[in-house]
């Protein structure tokens, strides 16, 4: 590997490390997004199911109320007929029978009206609950869509960065001789994506954070291509 291409390879390496970080971030974001969808869609579905049950219960109560109201109309009509008939009767037994029927009808009407009143109270309570749950569901959906959009935007931004970095890396790699790239790539694979290590603090290898022997350091200063005796990475002194 020629010394003059090391700065270019070092630049490529830094871009590749950035790319790796963005890919890791994308994976975490996509996992977060998936978990967010699964958890919140379940909560929303549960709330929708609760609302459906409330609506069904409301309809059932209203149907029962309508049924009883219809019965009251029928009983009132029958009561009116019996009261008129009682005025024309002469036979005491018949009169007694009709009066008993009238009393029974009045009692049934009263019971039905009490039941209707209770059903009306229930329907009002259920209707209030329906409105509350509807508002809760609407708020949940709005917050869900807002957070979902934020996560989608973050994912798309990271994908754009990955795309730009990949294009930049490909462009810079195209300018490096193939044999140098092969050596560089092989070293990258064996050295955890860091084939070239800067010399930092005058004597420390950036890759392994260990001191570089003076003899090796002198070769680096002369411009020789030298590998760190500790980690095997190519040393570079700017």
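Yes/no matrix, rows are residues, columns are (1) outside any helix (DSSP H, G or I); (2) modelled with pLDDT of 95 or more; (3) touching a helix residue (DSSP H, G or I) at 6+ places or on another chain (Cβ under 8 Å):
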position	(1), (2), (3)
1	yes, no, yes
15	no, yes, yes
25	no, yes, yes
35	no, yes, no
May I ask you to say which residue of 192, 167 is within 23 Å of residue 19 (Cα to Cα) and at pLDDT 95 or above?
167
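How many of the residues making up region 195-215 are surrounded by fewer than 16 Cβ atoms within 10 Å (Cβ to Cβ) and assigned to a strand (DSSP E or B)?
Counting residues in region 195-215 that are surrounded by fewer than 16 Cβ atoms within 10 Å (Cβ to Cβ) and assigned to a strand (DSSP E or B) gives 4.
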Among the residues of region 216-233, is there at least one that is part of a strand (DSSP E or B), more than 18 Å from residue 5 (Cα to Cα) and out of contact with any helix residue (DSSP H, G or I) (no Cβ under 8 Å at 6 or more places or on another chain)?
no
Residue satisfying condition, being closer than 30 Å to residue 122 by Cβ and assigned to a helix (DSSP H, G or I), within set 93, 84, 100, 71
71
Could you list, in sequence order, all residues of region 155-169 that are surrounded by fewer than 16 Cβ atoms within 10 Å (Cβ to Cβ), within 22 Å of the chain's Cα centre (by Cα) and in contact (Cβ under 8 Å) with a residue 40 or more places away in the chain?
159
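The values are calculated or read from the model by the stated rules, or taken from the named source; none is laboratory data. Please read these numbers as outputs of a predicted model, since none were measured by experiment. Cβ sites come from the backbone with ideal geometry, for glycine too, and all protein chains shown count toward neighbours.
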